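The next block holds one structure in the form of structure tokens; read it before the comments.
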Amino acid sequence: MDTKHTISIVFQPCEQGIRFVAALKERVRRLLNKWYPSCNSTAHVTICRMKDVSDEQLTRIIDLLATALRYEHAQHIYFDSFATYPSSGTFFIDPTVQSKAFLLHKMRKVIAEVEKVMQTDKSRQPHLTISRGLDSQNLREVKDQEEFKILDFDFFCKGIVLRKFDEEKKQYVAFLEIPFGNEKRAGLESGQQLSFGF
């Protein structure tokens, strides 16, 4: 019987960035003196999620993404503010306008390829969650802390990471990174003029 997977596709910081975000999560946990959803999850910016993915579908998705991302370029992305989504009790760090545009372009590219195979649960706005599921009082308490007023965080976004949901750990576990290939498409070089044979 074919195993079905729950898959998440994300942008993930380098180890240093993961440790930085983990420290922010720990500060929130200590401030509130309680566990909260996403407390232990590895830092990431969600692109999309898919449920009931067969091995065959997963292989096809990986092949499509590996081909499409060959021509995408890596760059540093920057986060400069803390923000909230009150309806879901989410406290997160927000990318700069330029970084958000870069991430949205990549997200659209990834989702377009995946949806050739199956529908996805798409993220609408790129953000890096610190905590979620907080009630309004906890959210206010966190927001009012001086240490969560100023932010200067960045990481080199060099590809995407595919993660599977581990039913035992109740966490997503990374299993594959697909890099941006930084390749130029074959064809006209910059500044090259067309030549017609007539």
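The values are calculated or read from the model by the stated rules, or taken from the named source; none is laboratory data. Quick caveat, the model's predicted, so the values are computed rather than measured. Here the Cβ positions follow ideal geometry from the backbone for every residue, glycine too, while neighbour counts run over all protein chains shown.
Looking only at the stretch 43-92, how many residues end up being within 30 Å of Glu147 (Cβ to Cβ) and not acidic (Asp, Glu)?
22
Of the residues Leu139, Leu128, Leu151, Leu134, which is of a type in the set (A, V, I, L, M), surrounded by 10 or more Cβ atoms within 10 Å (Cβ to Cβ) and modelled with pLDDT of 95 or more?
The unique qualifying residue is Leu128.
Checking the structure you have, find out if any residue of the stretch 152-166 is of a type in the set (A, V, I, L, M, F, W, C) and more than 22 Å from Arg70 (Cβ to Cβ).
Yes, some residue in the stretch 152-166 is of a type in the set (A, V, I, L, M, F, W, C) and more than 22 Å from Arg70 (Cβ to Cβ).
Can you pull out the residues in the stretch 1-34 that are part of a loop (DSSP other than H, G, I, E, B), under 22 Å from Ala174 (Cβ atoms) and either out of contact with any Asp or Glu (no Cβ under 9 Å at 6 or more places or on another chain) or not hydroxyl-bearing (Ser, Thr, Tyr) (or both)?
Matches in the stretch 1-34: Gln12, Pro13, Cys14.
So which residues in the stretch 12-24 are over 17 Å from the mean Cα position of the chain (by Cα) and either more than 21 Å from Tyr78 (Cα to Cα) or crowded, with 16+ Cβ neighbours inside 10 Å (or both)?
Across the stretch 12-24, the qualifying residue is only Leu24.
State whether the residues of the stretch 51-73 include one that is surrounded by 13 or more Cβ atoms within 10 Å (Cβ to Cβ), among the aromatic types (Phe, Trp, Tyr) and either in contact with a helix residue (DSSP H, G or I) (Cβ under 7 Å, 6 or more places away or on another chain) or assigned to a strand (DSSP E or B) (or both).
no
Residues are listed down the side, and each one gets a yes or a no for (1) touching a residue at least 12 places away in the same chain (Cβ under 8 Å); (2) closer than 13 Å to Phe79 by Cα; (3) of a type outside the set (Phe, Trp, Tyr):
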position: Ala101; (1), (2), (3): no, yes, yes
position: Val110; (1), (2), (3): yes, no, yes
position: Val114; (1), (2), (3): yes, no, yes
position: Lys122; (1), (2), (3): yes, no, yes
position: Leu151; (1), (2), (3): yes, yes, yes
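Which residue pairs have Cβ atoms closer than 9 Å, lie 6 or more positions apart in sequence or on different chains, and pair a first residue in the stretch 158-172 that is within 28 Å of Glu72 (Cβ to Cβ) with a second residue that is among the acidic types (Asp, Glu)?
Lys158/Glu177; Gly159/Glu72; Gly159/Glu177; Ile160/Glu177; Val161/Glu177; Leu162/Glu177; Tyr172/Asp166
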